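*Asks:* I am attaching a structure below and will ask some questions about it afterwards.
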Amino acid sequence: MTDNSQDWPLYEIFIRARSGLDHKHVGSLHATDARMAIEHARDLYTRRQEGVSIWAVRSSDIVASDPADADTLFEPARDKVYRHPTFYDIPDEVKTL
Amino acid sequence: MMPHCAYVLRIADTSLILAQRLGEWVGHAPAIEEDLGLANVSLDLLGQARMLLSYAGELEGRGRSEDDLAYLREESEFLNATLVEQPNGDFGQTVVRQFLVDAWQLELYEQLLESKDPRLAEIAAKAVKETRYHLRYSAGWLVRLGDGTDESHARVQDALTRLWPLTGELFSTDEVDREIAQAGIGPAAEALLPGWSARVAAVFAEARLAAPVMSPFSWHGKQGRHSEHLGFVLAEMQSLHRAHPGATW
Amino acid sequence: MRRDSGVDLYTQGLDSLGKDCLRDEAEESGTFEQRFQTRVDAEEKIEPKDWMPEAYRRTLIRQISQHAHSEIVGMLPEGNWITRAPSLLRKTILIAKVQDEGGHGAYLYSATETLGVSRDELIGQLLEGKAKYSSIFNYPTPTWADVGAIGWLVDGAAIMNQVPLCRCSYGPYARAMVRICKEESFHQRQGYEIMMRLSRGTTAQKDMAQQALNRWWWPSLMMFGPSDAESKHSAQSMRWKIKRFSNDELRQKFVDYTVPQAEFLGLTIPDPDLRRDEAAQHYRFGTIDWNEFEQVLKGHGPCNRERLEARRRAHDEGRWVRDAAIAHAAKQAARKNSRAA
């Protein structure tokens, strides 16, 4: 940039499409305060009735896992097949199980 | 013109001309997010103007549509408040103008919810929600700019000094207002002042802004006597439509 | 483009660069590259923190930011008509449409920021004239019919380009494109509707529509970029699944779709060589003036200067506003701290 102005901080935006659903990450935007972040999210991400609720989180406040750790974090769950109902062999005549 | 129709036109034209002014911003705002924000306010106001103009056309009973009224009336037939035709100036001036109008429209629409005219009450019910957001948006910016830097404070204080004298008109009751109030169609103009003043004062305090002294001269845009600016607004807005009489678009 | 410092400042917290990205260049060769290509070949999405070849990152930053700039500059030629739109309904539609362009620009800048570059930096590149944007927006909109022609042709061409991008290998770009494509189809339809009204209107209106088609037809064909033989980045972008179809394929598809639409309007496409090739089921069209394309791209188009000047003015005149908002937030934080202390 040619000027010395500070950038507006980045916020991550999560929208609940309708009650009963989780908030879902939809993207980011720039704002200087919480109120502005909500207003910008409303104007940017809900122009077509996409939401009934907005969460805005400062991007710098989010802690994320690292893809390099994916093996360590997520591989150990792979062989735990006994956690899934299909692992168990129940005769067809037994109902509602 | 009968007072009922004139009264609806006043509200309609105020929304229309303000929407037109905000439309000038789209693509030129201080940040992309503000382009979107100003456009949303403009769209709401246009929506209000269209409903109100159609209704005014019905009240008038001469078969004029929203477009006939928007594009084919002369300057002196426009009944908007003089405040909304003022140029955008910088973003600060736009915010100050918006805030002063938003606070007034909110008072107006809240009181119109009780109107004996069911059409007006219905339009107000929709508009009041939109206007609450507009006020939230403009008040938020007024506080940021008033409190922000020395430069921003000076700019909005200056804009306020410039625009404040134009607010007098919003609260001066004339013959039309009196008849409307008597018929229970709408509030007398002066009845909006206490609520407006309280709202405005609270935000000025937060924004560290001083309300200027009211000037003795009052404008009369709502009676069709305008500042020099409306002529240019209309020349631009109406040029294409008038160049092709009778065409559909 | 990769930033080894200031990463936290600039990237999405959710999607900031992972450890893998910070390995030495030397390590990037071989296995990483292969593993990356295998994932792409398997149609797996690449996410921001995943390892990616530096050239892939650079290509994406260039492409997505150019796309974002195009949306933002693209607000201007049509925005030009907001104040003069010939009916209140048309005014409403146009404001919503131009607003959407701004929104699309914002989504795309947001996607670019996941690659470790800030929006302000990208906008700086645009304003300094270092970044490109779609050359189409350097053409003027002298009449209302140009608004119709832009919606019909320019947005039509854009959709043709953008639909395949919804399947782009880079997750944030693909997701932004899904949202954009959903919103974009209204743009094309409102444009065509304007053209329909004009071509069924008065003689003056019909003439206005034909003139606008004459102005926008060739520049719209140029939007797909140089022919495949000339295109520098195409092959690699196809391998990376950033691009799914070649420029010429998409251009041909656009012509095939658009010619019957023009016929329906009763308008004439300004190409004496245009003819139907029944055997191939295609419309064959004349030679594109690539010299004009190059000139406009280099900054010598009819409105390049005005467009950039308008963006610079908005940026410069908005600076005090952006600074004030930052200053207010800092003061608020300080007041909160002093109360807490």
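*Asks:* Beyond 19 Å, what share of the Cα-Cα pairs of chain A is found? Please give it as a whole percent.
*Replies:* The answer is 64 percent, as a whole percent.
*Asks:* Show me C:137-148, C:226-237, C:253-264 ranked by packing, highest mean number of other Cβ atoms within 10 Å first.
*Replies:* C:137-148, C:253-264, C:226-237
*Asks:* For q = 0.10, 0.14, 0.16, 0.21 Å⁻¹, what log10 I(q)/I(0) does region C:106-251 give under the Debye formula with an equal point scatterer on each alpha carbon and no solvent?
*Replies:* Relative scattering, expressed as log10 I(q)/I(0), comes to -0.42, -0.80, -1.00, -1.35.
*Asks:* Same structure, new question: Using only the alpha carbon atoms of region B:53-185, find the Kirkwood hydrodynamic radius as the inverse mean reciprocal pair distance, in angstroms to one decimal.
*Replies:* Result for region B:53-185, one decimal place: 16.7 Å.
*Asks:* Roughly how many whole Å is it from the C-alpha centroid of region C:199-238 to that of region B:205-233?
*Replies:* Measuring centre to centre over Cα atoms gives 47 Å.
*Asks:* Any idea what log10 I(q)/I(0) is at q = 0.09, 0.15 Å⁻¹ for region B:1-124, Debye with uniform C-alpha scatterers and no solvent?
*Replies:* -0.26, -0.69
*Asks:* Looking at chain B, identify the longest residue range that excludes and avoids all GluC sites (Glu not before Pro) in DSSP loops having at most 13 other Cβ atoms within 10 Å.
*Replies:* B:115-227
*Asks:* For chain B, list log₁₀ I(q)/I(0) at each q in 0.07, 0.13, 0.16 Å⁻¹, using the Debye formula over Cα point scatterers of equal strength and ignoring solvent, two decimals each.
*Replies:* For chain B, the Cα-only Debye profile gives -0.22, -0.78, -1.21.
*Asks:* What ³J(HN,Hα) values, in whole Hz, does the Karplus curve 6.51 cos²θ - 1.76 cosθ + 1.60 give for region C:88-105 when θ = phi - 60°, with x put for Gly and Pro?
*Replies:* Per residue, the Karplus-derived 3J(HN,Hα) values read 5, 5, 4, 4, 4, 4, 5, 4, 4, 5, 5, 4, 4, 4, x, x, 5, x Hz.
*Asks:* Then there is this: Restricting things to Cα coordinates, could you compute the convex hull volume per residue of region C:203-311 in Å³?
*Replies:* 151 Å³
*Asks:* Enter the per residue convex hull volume of region C:267-341, computed from alpha-carbon coordinates, in Å³ rounded to the nearest integer.
*Replies:* 237 Å³
*Asks:* Quote to one decimal, in nm, the extra length available between A:H23 and A:L73 on full extension: 0.36 nm per residue of separation minus the C-alpha distance between them.
*Replies:* 15.6 nm is the gain from fully extending A:H23 to A:L73.
*Asks:* What is the mean number of Cβ atoms from other protein chains located within 10 Å of the Cβ atom of each residue in peptide A:38-46, rounded to a whole number?
*Replies:* 6
*Asks:* With a 1.4 Å probe on protein heavy atoms only, work out how much accessible surface C and B bury together, total over both chains, in Å² to the nearest 100. Don't jump to the answer; show the numbers that get you there.
*Replies:* On the way: alone 17310 and 11390 Å², together 24790 Å².
That pair hides around 3900 Å² of surface in total.
*Asks:* Using alpha-carbon positions, what is the distance between the centroids of region C:251-305 and region B:100-124, in Å?
*Replies:* The two parts, judged by their Cα centres, are 52 Å apart.
*Asks:* While we're here: What Kirkwood hydrodynamic radius, in Å, does region C:188-236 give when the mean of 1/r is taken over all pairs of distinct Cα atoms and then inverted?
*Replies:* The Cα-based Kirkwood calculation yields 12.9 Å.
*Asks:* Another question, then. Roughly how crowded by other chains is peptide A:6-16, in terms of the mean Cβ count from those chains within 10 Å of each of its Cβ atoms?
*Replies:* 4
*Asks:* Related question: What are the principal axis extents of the Cα atoms in region C:36-82, in Å, biggest first?
*Replies:* Taking max minus min along each principal axis of the Cα atoms, region C:36-82 gives 49, 19, 16 Å.
*Asks:* Would you work out the relative contact order for region C:131-221, in percent, from Cα pairs under 8 angstrom that are 6 or more residues apart?
*Replies:* 41 percent
*Asks:* Roughly how tilted is helix C:203-222, in degrees to the nearest 10 and between 0 and 90, from the longest Cα axis of chain C?
*Replies:* On a 0 to 90 degree scale, this one is about 50.
*Asks:* Still on this structure, please answer the following. Name the long-range amide H neighbours of C:A131: under 5 Å, sequence gap of 5 or more, or other chain; modelled H, no Pro or chain starts.
*Replies:* C:L126
*Asks:* Could I ask something else about it? Around A:G27, which amide H atoms from residues at least 5 apart in sequence, or from another chain, sit under 5 Å from its own amide H, with H modelled in the peptide plane?
*Replies:* The list, which skips near neighbours in sequence, is A:I13.
*Asks:* Moving to a separate point now. Let me know the Kirkwood hydrodynamic radius for region B:187-227, please, with Cα pairs as the basis and the value in Å to one decimal.
*Replies:* 12.4 Å
*Asks:* Taking Cα atoms, how many degrees apart are the long axis of helix A:34-45 and the longest axis of chain A, rounded to 10 and kept between 0 and 90?
*Replies:* For A:34-45 against chain A, the angle is about 70 degrees.
*Asks:* Name the long-range amide H neighbours of C:Y283: under 5 Å, sequence gap of 5 or more, or other chain; modelled H, no Pro or chain starts.
*Replies:* Long-range HN contacts for C:Y283: C:D256, C:D277.
*Asks:* Another question, if that's okay. Take peptide C:194-206, look around each residue's Cβ out to 10 angstrom, count Cβ atoms belonging to other protein chains, and average those counts.
*Replies:* For this peptide, the per-residue mean of nearby foreign Cβ atoms is 2.
*Asks:* What percentage of all Cα-Cα pairs in region B:68-111 are separated by more than 14 Å?
*Replies:* Taking all Cα-Cα pairs of region B:68-111, the fraction more than 14 Å apart is 61 percent.
*Asks:* How much length would be gained if the chain were fully extended between C:A341 and C:F186, taking 0.36 nm per residue of separation minus their Cα-Cα distance, in nm to one decimal?
*Replies:* Going from the current span to full extension adds 50.4 nm.
*Asks:* Two decimals is fine: what's Rg over Rh for chain C, C-alpha atoms, Kirkwood radius as Rh? Before the final figure, lay out the partial values.
*Replies:* Numbers: Rg = 22.2 Å, Rh = 21.9 Å.
With Rh from the inverse mean 1/r over Cα pairs, Rg/Rh is 1.01.
*Asks:* Mind giving me the nanometre distance, one decimal, between the label points for C:E47 and B:E175, set 7 Å out from Cα along Cα→Cβ?
*Replies:* 7.2 nm
*Asks:* Expressed as a whole percent, how much of the Cα-Cα distance distribution for the protein assembly as shown exceeds 42 Å?
*Replies:* Roughly 34 percent, rounded to a whole number.
The values are calculated or read from the model by the stated rules, or taken from the named source; none is laboratory data. Source: prediction; values computed, not measured. A quick note on method: Cβ atoms are made from the backbone with ideal geometry, for glycine too, and the neighbour counts reach across all protein chains shown. To get the accessible areas, we keep the full protein, side chains included, count just its heavy atoms, and leave off ligands, DNA and RNA. Shrake-Rupley method; radii C 1.70, N 1.55, O 1.52, S 1.80 Å.
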